[in-house]
Amino acid sequence: MKTSVSIPAGLLAALLLGGCQHLEPLATAPEAAGPATETAPGAEAVQPVAPPSAAAPAVAELSGDVLFDILLGEIAGQRNRLDVSVEHYLRAAESSRDPRVAERALRIAAFAKDERAALAASRRWVELAPDSLDARQSLAVLALRAGIEDEAFTQLEQIITELGAGDQAFTAITGLLARDEDRQAALQLMQRLAQQYPDLPDAQLALSRLAQHAGRPEVGLAAVERALTLRPDWSEALIQRARLRVQDGEQELALQELAAAVQRQPDSLPVRMTYARLLLEAREFQAAEQQFRQVVEQDPEHLDAIYSLGLLALEAERYDAAGTRFERLLELGGRTQESRYYLGRISEAQDAPESAIEWYDRVREGDYLLDAQLRSARLRAQLGEVEAARRQLHGMRVRNPEMAVQLYIAEGELLVSVGAEQQAMDLYDSVLENMPDNPDLLYARALLAEKLGNLEQTEQDLRRVLEVEPDNAHALNALGYTLADRTDRYGEALTYIEKALALRPEDPAILDSMGWVQYRLGNLEQAEAYLRRALEQAPDGEIAAHLGEVLWQQGRRAEAREVWEAALEAGSDNPVLERTMQRFLQP
């Protein structure tokens, strides 16, 4: 069965759930954070399962009435009566002259997702602490949320007055506005601010970043060009212009401008790194590698450049060169977990499983932890240490219960890989007793049942998946393909595959299934068209087998042989391809 299963794999804006948005350019810009936002209240994400983190004001400094409201507010909060807590804290904030009470009221109102109360508390905080940048930033965000642009504008102007009209102020404001839900309103407010500073390049750069975040590259490009007019060859503006070009669909122009910028500023590593990364996106790998090498020549400890060179060498199967790069990263103490993982991949590619296991087992955290452990377990099983591999996966399930389903499926696949299909089936049966409607486990068992020839179980499990997830394209495709390949229920098969293709029109596995069912229906030309599309997207032995068979049945036997032989030369050892060639080529 041909499948394409994928197993499931600041400031005050964060006070209200759903309002936090990430501004991509700020993540890579050196000025992405500033003192004005580092200690601002509410920068942490508000979670409904924990109390607000700010401590209540000191009791000795409060009057009796204020203290009474605070105590009632705290008690109500502990009892999860947030509405009552907000009411009492707002009353305390209005009665007290202590700005900490207003700040606390703001946090509780935000925790309760009461925007009206949060706005009132933030106004009181600004009234009591007019020099507090945190207070003004809070009020600016909440006023913008409430659609009160003039009030938000006034607060942002005060922030600029306090910090000075320059990089620090506009970086803080950009980070603030980038987290607002209404990106267009935030952009409009930034445009209004930037108009007040037409000769300040920092203001224009900030506007360009927010425009990119709002999906308005034309606004951003106009602003960044103004910034470059005011400050020619400003590296940050050159980088930002390139980002906006790409967003506007002008990748080639972005590359040309960056190439020229690198010539003018050969010592600017940020510009060169941006150029190298954009070359990677354009799949100009050799040119990108040349730029990364230049960066490392200028800065031998540039972690990102070394890492990129390692990945490029690995992709090109230059394993020794790749290993040297990742070992260098370990020496420098950077990207440690990723380097260990890729050194494991290199050892695995060089047929050194013991070394690969050692590297994989040294991955302790991060995005590669799960895959490293799965690869380590699989290699142990291949070395005959099946029970050790299973114990390893069991240990991971204990430590990571949220990954239990993926790890059970991995254990099943591991058993299949060493020929223990029935043990894998027993495992799936056992786990499904406790999770009878888990679509991923049902899907995994269905595939194994098909492999074992139990079509009744396959169909039953796939139909159950579709009861739970009617739009599961993988299950629709698997059921349709199974019916087309193993039964004569071609019309029913076509219905399922058509639904899958509507959900994932470019999925090569589904295109292959559509080609195969069309072949079964006798529509050879349509079958060929679908199979060629599938093979273009995924050079795969099974797809090649299907296409060759269709060509053979059309009398185009030389073409069929070419397709099959090309798949063999590409290294495919797919059993479907082997059986197909034996059927048609052996006398």
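Values computed for the structure shown
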item: Residues (of a type in the set (A, V, I, L, M), surrounded by 16 or more Cβ atoms within 10 Å (Cβ to Cβ) and over 26 Å from the mean Cα position of the chain (by Cα)) located in the range 331-376; result: A356, I357
item: Residues within the range 80-131 that are surrounded by fewer than 19 Cβ atoms within 10 Å (Cβ to Cβ) and among the small types (G, A, S), tallied; result: 2
item: Within the range 214-233, tally of residues that are in contact with a Lys or Arg (Cβ under 9 Å, 6 or more places away or on another chain) and surrounded by fewer than 24 Cβ atoms within 10 Å (Cβ to Cβ); result: 8
item: Residues located in the range 515-540, provided they are under 15 Å from A566 (Cα atoms) and out of contact with any helix residue (DSSP H, G or I) (no Cβ under 6 Å at 6 or more places or on another chain); result: R532, E536, P539, D540
item: Filter result for the condition that a residue is in a loop (DSSP other than H, G, I, E, B) and over 20 Å from I148 (Cβ atoms), over G175, G220, G215; result: G215
item: Count of residues meeting criterion [under 25 Å from D98 (Cβ atoms) and within 32 Å of the chain's Cα centre (by Cα)] in the range 127-145; result: 8
item: Sole exception among (1) outside any helix (DSSP H, G or I); (2) buried (at least 23 other Cβ atoms within 10 Å of the Cβ) for A545, by number; result: (1)
item: Criterion: crowded, with 16+ Cβ neighbours inside 10 Å, assigned by TED's automatic domain parsing to the domain that holds L253 and closer than 30 Å to A352 by Cα - qualifying residue of E317, E289, E327, E301; result: E289
item: Matching residues, the range 342-377, being in contact with a Leu (Cβ under 6 Å, 6 or more places away or on another chain) and closer than 16 Å to L407 by Cβ; result: V363, A377
item: Scope the range 112-151; condition of a type outside the set (A, V, I, L, M), farther than 21 Å from G175 by Cβ, touching a helix residue (DSSP H, G or I) at 6+ places or on another chain (Cβ under 7 Å) and in a helix (DSSP H, G or I); matching residues; result: R123, R124
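To keep it simple, each residue is scored yes or no on (1) at pLDDT below 85; (2) within 43 Å of the chain's Cα centre (by Cα); (3) in a helix (DSSP H, G or I).
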site: Q47; (1), (2), (3): yes, yes, no
site: S53; (1), (2), (3): yes, yes, no
site: D65; (1), (2), (3): yes, no, yes
site: R91; (1), (2), (3): no, no, yes
site: E94; (1), (2), (3): no, no, yes
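For (1) part of a helix (DSSP H, G or I); (2) assigned by TED's automatic domain parsing to the domain that holds V465; (3) touching an Asp or Glu at 6+ places or on another chain (Cβ under 9 Å), each residue gets a yes or a no:
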site: L379; (1), (2), (3): yes, yes, yes
site: R391; (1), (2), (3): yes, yes, no
site: V398; (1), (2), (3): yes, yes, no
site: A410; (1), (2), (3): yes, yes, no
site: V416; (1), (2), (3): yes, yes, no
site: A424; (1), (2), (3): yes, yes, yes
site: L427; (1), (2), (3): yes, yes, yes
site: D437; (1), (2), (3): no, yes, yes
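A quick yes/no check of all residues on (1) within 20 Å of Q423 (Cβ to Cβ); (2) at pLDDT below 95:
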position: D361; (1), (2): no, no
position: R364; (1), (2): no, yes
position: D367; (1), (2): no, yes
position: L374; (1), (2): yes, yes
position: A389; (1), (2): yes, no
position: G395; (1), (2): yes, yes
position: N400; (1), (2): no, yes
position: M403; (1), (2): no, yes
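The values are calculated or read from the model by the stated rules, or taken from the named source; none is laboratory data. Everything quoted here is computed from the prediction, not taken from an experiment. Cβ atoms come from the backbone with ideal geometry, glycine included; neighbour counts cover every protein chain shown.
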